[in-house]
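Just below is one structure, and these are the notes that go with it.
Derivation of every value follows stated rules applied to the coordinates shown; laboratory data play no part. Only a predicted model underlies this, so the values are computations on that prediction, with no experimental measurement involved. Please note: Cβ atoms are built from the backbone with ideal geometry, for glycine as well, and neighbour counts cover all protein chains shown.
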Amino acid sequence: MKRTTIPILVLGLISGVWAADEAALIQTQRGKMSYGLGMDIGRNITNQQIQVDPDALAAGIKAILTGAKPLLTDQEAQEAINALRAELQAKRAERIKQQAERAKAQAEQNKKDSAAFLAENKKKEGVITLASGLQYKVFAEGTGRKPTTNDTVIAHYRGTFIDGKEFDSSYRKGEPATFAVNAVIRGWQEALQLMPVGSKWRLFIPPELAYGESGYGNIPPNAALIFDLELLGIADSAATNKAAATPPAK
């Protein structure tokens, strides 16, 4: 069979006509509106990661808009759409399953990493480990009174993961935080009731005294957390708020 060839010049002329025809589509406001709707439909389909035949899609839209007889009956069209929905639901279920498996694996790894870190950290000079598993190191010991679980305190803090990455900081926000002692994580509650006003401690908090297996926000499950915590005062207790901190040992 003899192969039919189309000269490059002819192809160029054809593509130029197509470009001109497309440009003509948006010369009117109605044309721009129609084209914009097409773009919106296209983006919506793309965002949902639906694989479509652009020509068939355009033909289906055109048939309905112009009143032409569609190539599919309503039942056939609905069956095709239902098949698509089933496919999308199956893919979504698989993605959720994979995400859950990855999250579970990460949580298990975090638990191991946290335990290993705390086991080594407790051996370091100046680190005190309590029966609960909370670890802390004193950088400055205040002379004010110690808060109770019913107090509201004023404190500066900086939180990091065990790799040193910061996830929150009142210093960065430019002002201390005010919060009820009984409204924070268990590791903070325990530490605050041991800290005289004016103290600055570094807390090493096991996952079970922080956000546990569920995590919170940008804090992953089973993450041990490190906090530099500076207790500035107790709300409505002006006398204790004046207590000075003892400088840390050199």
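Of all complete DSSP H helices in the chain, those with a Cα span along the helix axis of 24 Å or greater and a mean Kyte-Doolittle hydropathy of 0.5 or more are 8-25. The amide H of ALA224, built 1.01 Å from its N in the peptide plane, has SER114 as neighbours under 5 Å, considering only residues 5 or more places off or on other chains. Among 84-93, 172-181, 126-135, the peptide with the highest mean count of other Cβ atoms within 10 Å heads the list, and the full ranking is 126-135, 172-181, 84-93. With 0.36 nm allotted per residue and the present C-alpha distance subtracted, the THR178-ASN82 stretch has 29.2 nm of extension available. Peptides 143-155, 183-195, ordered by how many other C-beta atoms sit within 10 Å of their residues on average, highest first, read 183-195, 143-155. When Rg/Rh (Cα atoms, Kirkwood Rh) is calculated for this entry, the matching label among [x] 1.32; [y] 0.95; [z] 1.00 is [x]. Peptides 114-120, 76-82, ordered by how many other C-beta atoms sit within 10 Å of their residues on average, highest first, read 114-120, 76-82. Using a cut-off of 29 Å between Cα atoms, the listed pairs LYS97/LYS123; LYS112/LYS137; LYS122/LYS200; LYS62/LYS97 include LYS97/LYS123; LYS62/LYS97 as exceeding that distance. Summed over qualifying helices (DSSP H, 4 residues or more, each -39500 (n - 2.57)) and divided by its residue number, the chain shows a 222 nm mean residue ellipticity of -15000 deg cm²/dmol. Look at PHE139, PHE167 and count the other Cβ atoms within 10 Å of each Cβ; fewest to most, that gives PHE167, PHE139. Ordered by the count of other Cβ atoms within 10 Å of each Cβ, fewest first, TYR211, TYR136, TYR171 give TYR171, TYR211, TYR136.
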